[in-house]
1. List 212, 128 from most exposed to least, where exposure is judged by having the fewest other Cβ atoms within 10 Å.
2. If each residue's Cβ is checked for other Cβ atoms within 10 Å, how do 125, 192, 142 rank with the fewest at the top?
3. Over the Cα atoms, compute the radius of gyration (one decimal) and Dmax (the largest Cα-Cα distance, rounded to a whole number) for segment 159-277, in Å.
4. For the residues 101, 244, what sequence is obtained by ranking on other C-beta atoms within 10 Å, fewest first?
5. Roughly what would the spin-label model give for residue 124 and residue 270, points 7 Å off Cα along C-beta, in nm?
6. Roughly speaking, what is the centre-to-centre gap between segment 86-154 and segment 225-276 when only Cα atoms are used, to the nearest Å?
7. For each pair in 160/223; 114/161; 68/107, compute the distance between the two Cα atoms and list the pairs where it is over 23 Å.
8. Can you pull the percent of Cα pairs in segment 218-262 with separation above 11 Å?
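What follows is calculated from the coordinates using simple rules that are stated; it is not laboratory data. On a predicted model such as this, the values are computed, not experimentally measured, just so you know. Here the Cβ positions follow ideal geometry from the backbone for every residue, glycine too, while neighbour counts run over all protein chains shown.
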Amino acid sequence: MSEEKKDFWDKLKIVLQPMGGLLTALAIALFGFFSSSFMNRRQAIETNTRLYTELMSKREESESALRKDMFVSIINTFLKADKSDLGSQVLNLELLAYNFHESLNLKPLFIDLKKRIAQGSENASTREDRARFDEYRMRLESVAREITRKQVVVLEGVGKKADRTIDLEGDPTENSLDPVTLELDSISTTFSIDVLDVDRQAREIMVEMIIETPDPVEGRQMKTVTFTVSFFDFPMIDNTRLAHGQRCAAVLNNFTDQAADITLVLFPGAYASLKEKPYYSEVIENVLQASRNLSR
């Protein structure tokens, strides 16, 4: 009996049947190749990430050890050094300020050195000695103003600021600066500043600041604080706690016989100095706020 005549599909099946196995093998080979390539890239990324993390960790440890040694060395110079060697004391304070201004309250050292420089200038018998003490005083104020400027720049990036000028030609205690309202994280806070006293020789200004903050439950809350503003008050260290985990600070930028320039800065409490730990209530409030934001 003769073979039945094969139609087109039978012929196509005969042709494609061996190709199916070939295509399957090719697909498996391609899958294996791309899987292997993907796994290799992923492994390389994980290796690089782990290596980068280890390098950064070692770098931080080295920097921490270096900063610790530097800190101990400089502090020992203040505790053991000759008090009459003001030049070395000013230099050491400059090193401390530039390297540890975010974590240490250096105002007592600034004030102590400033007093000793003033005493040395009063007891100076020659013009050269008076010029030398004037240089020490200028260096002291210069480093303090530079540290303040750096901190304000950082805090301004995450908060709000306002500049005000105090007229010193008349009676400054009659000055009430224009109120300023700053908004941070959808919270508007109003600040009113009154000048209470001015020490022209020490270049310090005592002010009273009235802070009004809205409260959704108890209504508008008012807080009054009195403090002295000088070149040696740094905003990350010398600040006032507000509601909702915020901070505010006033810094002195310039002081002349005619006027004094101050800056008021409002910023999140997370950017306060390392020694400023949040209260438990603030932590709980932040966690609840974050949860409410996620649920929206």
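1. Ascending Cβ contact count within 10 Å gives the list 128, 212.
2. Values: 125 7, 192 16, 142 12.
Lowest count first: 125, 142, 192.
3. Computed over the Cα atoms of segment 159-277, radius of gyration and Dmax are 14.4, 46 Å.
4. Numbers: 101 21, 244 18.
Neighbour counts put them in this order, fewest first: 244, 101.
5. 4.8 nm
6. Going from one Cα centre to the other spans 19 Å.
7. Working: 160/223 19 Å; 114/161 29 Å; 68/107 20 Å.
Checking Cα-Cα distances, 114/161 exceed 23 Å.
8. Values: 713 of 990 pairs.
Value for segment 218-262 (Cα pairs over 11 Å): 72 percent.
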